[in-house]
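Trainee: Got a structure here, written out as structure tokens. Questions coming.
FYI, it's all coordinate maths here, none of it is from the lab. Note that the structure is predicted; figures quoted are calculated from it, not measured. Cβ sites come from the backbone with ideal geometry, for glycine too, and all protein chains shown count toward neighbours.
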Amino acid sequence: MDEMLYWDNAATTWPKPECVYKFMDSFYRSGGFNAGRGSHAGAVGAGILIAETREKIKRLLHAENKLCVFTPSATVGLNMLLQGFVRLGARRVYLSPFEHNAVTRVLKGMESYAAGLEVQLLSVDKETLSYDLAAIKTQFEAAKPDLVVVSQVSNVCGLVAPVWRIFALAKEYGAATVCDLAQSAGLIDEHYGSEVVDAAVFAGHKTLYGPTGTGGFIIKPELTLPPVLFGGTGTESANQDMPQEGEQRYEPGTLNIAGIAGLNAALRFIEETGLLRLRGHEVEVRRKLLELLREFSFVHVVGDAPGAEYTGIVSCVFDGLSALEAGQVLSRLGVAVRAGLQCAPLAHKFLGTFPGGTVRLSASYFTGEWELSGLRMALEKMGRGPW
């Protein structure tokens, strides 16, 4: 296996659509200027591209009624939102049991200066992996939520959460809501402009097929969170406070214009391909992947519940090998996977795979028969041993 068999798309989708590479190169050569830092044609052109990309994100997410803020990553976006809500007074925070360290570490880090900060987990059935809405209502009745944070798709097993039903319930108790779309923006077609969604974070380089270094969040314009980052915005320079309105409140410094150009091209690819086709392909690859893995008695799939909804992410464990050892063997056989805890120890504690974790295989629109047949060959070699 001279070529890498790439099964690590939940880390970052690869390859990107060809149009992403081409447009990043061509735009940065001719239009890679600093938006908002001058009235010359170059700065204006960069600003036009940024504004167009914001609109594309909002249109894709059916969130034309919200602001679209660009950040260097989804992690930075989550920091800005969670720290902002806590600084506004949120003290009781409910999370799904599948949250990433980009959520849990932020809240842990705030404990020292947010007195009384309390984190609880939403009720999920360990057998069916279904969110128990009746039990969640009981939780909210017993301890009213200030903030509810849910990853729409687990980065460990691909489980899709019923975000709208959870958030609608949270709104009955006056809670703020934040959805993590790192593994679902550009894949799951939902109306994120809904009133039950206060803010939602996206990663540009995963299911949106853009380059690394791109991310952001959408947020209701009437929500004015305390800024976490401070600096120049190109406007109101005499004012030593950050702007009170608009995206610039959350966007100090120079935006990644090359990355945003790549994201713009990726969004055009998604528009042309269609979410139905993108999601359908992942679901079909996942079905074939599960069939393949179950051919091998030493491989055991984790977190797959009948009747639950999933994307193209699958986790498994191997007899006789730790997740890290199995990942290393697969790497030597030319298969790229993510082994370990995938930055989501909370999910592994819930699934019973902590502290060793799992081997995660994740598909994209560009995953096909070559990757499936190559994985089968690698697993056959593992079955024969030694490695």
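Trainee: Highest GNM mean-square fluctuation, the chain, Cα pairs closer than 10 Å: which of Thr128, Thr12, Thr214?
Mentor: Sorting by GNM fluctuation, first place goes to Thr128.
Trainee: Taking neighbour Cβ counts within 10 Å as the exposure measure, how do Arg277, Arg87, Arg384 sort from fewest upward? If you can, show how the numbers build up before the last one.
Mentor: Working: Arg277 12, Arg87 15, Arg384 8.
Listed from fewest to most nearby Cβ atoms, that is Arg384, Arg277, Arg87.
Trainee: Please get the size of the charge dipole for region 236-387, origin at its Cα centre, with Cβ charges of +1 on Lys and Arg and -1 on Asp and Glu, quoted in debye to the nearest 20. Before the final figure, lay out the partial values.
Mentor: Values: 15 positive and 18 negative charges, 151 e Å.
Dipole size: approximately 720 debye.
Trainee: Could you tell me which GluC sites (Glu not before Pro) in region 96-149 are loop residues by DSSP with no more than 15 other beta carbons within 10 angstrom of their beta carbon?
Mentor: Values: sites: Glu99, Glu111, Glu118, Glu127, Glu141; in loops: Glu99, Glu111, Glu127.
Sparse-neighbourhood loop GluC sites (Glu not before Pro): Glu111, Glu127.
Trainee: Counting other Cβ atoms within 10 Å of each Cβ, which chymotrypsin sites (Phe, Trp or Tyr not before Pro) in region 1-106 have at most 14 and sit in a DSSP loop?
Mentor: Values: sites: Tyr6, Trp7, Tyr21, Phe23, Phe27, Tyr28, Phe33, Phe70, Phe85, Tyr94, Phe98; in loops: Trp7, Phe33, Phe98.
Filter output for region 1-106: empty list.
Trainee: Here's another thing I want to ask about it. Would you mind calculating the relative contact order of region 81-176 from Cα pairs under 8 angstrom and at least 6 residues apart, reporting the percent as a whole number? Kindly include the intermediate steps, with their values, before the conclusion.
Mentor: Details: 116 pairs, mean separation 30.8, N = 96.
Rounded, it is 32 percent for region 81-176.
Trainee: Most fluctuating residue of Gly174, Gly320, Gly45 in a GNM of the chain with Cα springs under 10 Å: which is it?
Mentor: In this elastic network of the chain, the residue with the biggest mean-square fluctuation among Gly174, Gly320, Gly45 is Gly320.
Trainee: For region 18-85, which GluC sites (Glu not before Pro) are in a loop by DSSP, counting at most 14 other Cβ atoms within 10 Å?
Mentor: Details: sites: Glu18, Glu52, Glu55, Glu64; in loops: Glu64.
Sparse-neighbourhood loop GluC sites (Glu not before Pro): Glu64.
Trainee: Further question on the same structure: Given the chain, what percent of its DSSP beta bridges are antiparallel, to the nearest 5?
Mentor: Details: 25 of 43 bridges.
DSSP beta bridges in the chain are roughly 60 percent antiparallel.
Trainee: Work through the residues other than Lys144 whose Cβ is under 15 Å from its Cβ and net out their charges, Lys, Arg +1 and Asp, Glu -1.
Mentor: It works out to a net charge of 0.
Trainee: Taking neighbour Cβ counts within 10 Å as the exposure measure, how do Arg37, Arg279 sort from fewest upward? Kindly include the intermediate steps, with their values, before the conclusion.
Mentor: Values: Arg37 15, Arg279 19.
So the residues, fewest neighbours to most, are Arg37, Arg279.
Trainee: Also: Could you work out the helix-only [θ] at 222 nm for the chain, with each DSSP H run of four or more residues adding -39,500 (n - 2.57) and the total divided by the number of residues, to the nearest 500 deg cm²/dmol?
Mentor: On the way: 11 runs with 147 residues, N = 387.
It lands at -12000 deg cm²/dmol.
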